[in-house]
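Everything on this sheet refers to the single structure shown next.
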Amino acid sequence: MTETAPRKIILDCDPGYDDAAAIMLAAGSPGLEVLAITTVAGNQTIGKVTNNALRIARMAGLKDIPVARGAVRPLLRPAVAVASQIHGETGLDGVDLPEATLPLDPRPAAQVIVDIIMREPEGTVTLVPTGPLTNIAIAARLEPRIVSRVREVVLMGGAWREGNATPCAEFNIENDPEAAQIVFSESWKVTMVGLDLTYQARASEEVRERIRAVGNPSSKCLWQILEMFAENYRVWRGFDSPPLHDPCAVAYVLDPTLLEVRAAPISVETHGTLTYGMTVADLRGPAPEGCNTFVALRIDVDRFWDLMVRAVEHLG
Ligand code: BDR
Ligand code: CA
């Protein structure tokens, strides 16, 4: 692989406004090649997020890639509530999207993940989960060799300070803590792009206007996504501008210089009552030799928005 070859990624997601924006960023960035989109229940039910993934894929011009439906519910815990307050009843309320044209791949998401990683040259595929980690955990159990074959896992989820689903836990991790613990405890390189990082990437009114001003169909779509997200975050969370979580993980794969990351052991609390689903990152000192888990600390916000703008310019 040459330096300029696009980075191959699999997006495992639950669209959702910010997942949809992540798909658009990936599809509109020549530095990335999207090999598949797999879905997982989270922001909405599996049927709704899968339909949304298919429609966003069409809008973003993704053709000839598998889109596969994944886990209906978490591994162990009872299904948790969907995030209708933030993402609406459909998961993408208020966004004009074309009907889906891509057929749904008949394989389960975890099988598609395994098939692609086993097919592609070793060390070339990056997994980018932006929803609960159920599919990724199942894939690792289905075919353990994927763990050494992937290049890395860059996930949106977790937090090393406060949570959002609970005071301690972030939504994606709290949705399936046992799956998350499997993912963090495998030997692949995992980077946790958590709330501490994504809260820095706020889609201010100025940013939203900049996206709108691009003036093409995909910028209109992203603008609608951001406006809906902004309104819901304002009403339900009291935020002036919404944090655009999921694209931060994609942006890191696209340009690792955008984020400052630090090696740190990370475990997921799976027994606590108040702390269930908390990601515990040990940042007390230098990480032990060979530590394969990383915490994202800071993002270059201006360059992040430049990437988003460039992606919609590219998509047309
Ligand atoms: C995460 O939760 C979901 O609602 C978003 O899509 C994002 O992946 C943020 O906590
Ligand atoms: Ca998500």
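The values are calculated or read from the model by the stated rules, or taken from the named source; none is laboratory data. Source: prediction; values computed, not measured. Please note: Cβ atoms are built from the backbone with ideal geometry, for glycine as well, and neighbour counts cover all protein chains shown. All accessible areas refer to the heavy atoms of the entire protein, side chains included, with ligands and DNA or RNA removed. Shrake-Rupley method; radii C 1.70, N 1.55, O 1.52, S 1.80 Å.
Need pairs with beta-carbon distance below 6 Å; first residue over 23 Å from Gly316 (Cα atoms) and within region 54-73, second open to solvent by 30 Å² or more (accessible area, probe 1.4 Å) and not charged (D, E, K, R); sequence gap 6+ or separate chains.
Arg73/Ala79
Condition check ((1) under 18 Å from the mean Cα position of the chain (by Cα); (2) under 19 Å from Asp19 (Cα atoms)) across all residues:
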| residue | (1), (2) |
| --- | --- |
| Ser185 | no, no |
| Leu197 | yes, yes |
| Ser204 | no, yes |
| Arg208 | no, yes |
| Asn216 | no, no |
| Asp240 | no, no |
| Val253 | yes, yes |
| Gly277 | yes, no |
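Taking interchain pairs and intrachain pairs at least six residues apart, which have beta carbon atoms under 8 angstrom, with the first residue in region 220-235 and more than 17 Å from Thr90 (Cα to Cα) and the second basic (Lys, Arg) and open to solvent by 30 Å² or more (accessible area, probe 1.4 Å)?
Lys220/Arg212; Trp223/Arg212
If I go through region 281-316 residue by residue, how many of them are in contact with a helix residue (DSSP H, G or I) (Cβ under 7 Å, 6 or more places away or on another chain), surrounded by 15 or more Cβ atoms within 10 Å (Cβ to Cβ) and not hydroxyl-bearing (Ser, Thr, Tyr)?
12
Look at region 6-48 and say how many of its residues are without any contact (Cβ under 8 Å) to a residue 60 or more places away in the chain and either within 16 Å of ligand 1 (Cβ to nearest atom) or open to solvent by less than 30 Å² (accessible area, probe 1.4 Å) (or both).
Matching residues across region 6-48 total 7.
Checking Thr134 against (1) within 19 Å of the chain's Cα centre (by Cα); (2) more than 16 Å from ligand 2 (Cβ to nearest atom), which test does it fail?
Unmet for Thr134, out of (1) within 19 Å of the chain's Cα centre (by Cα); (2) more than 16 Å from ligand 2 (Cβ to nearest atom): (2).
Taking the conditions exactly as written (crowded, with 24+ Cβ neighbours inside 10 Å and small (Gly, Ala, Ser)), does Ala165 satisfy them or not?
No.
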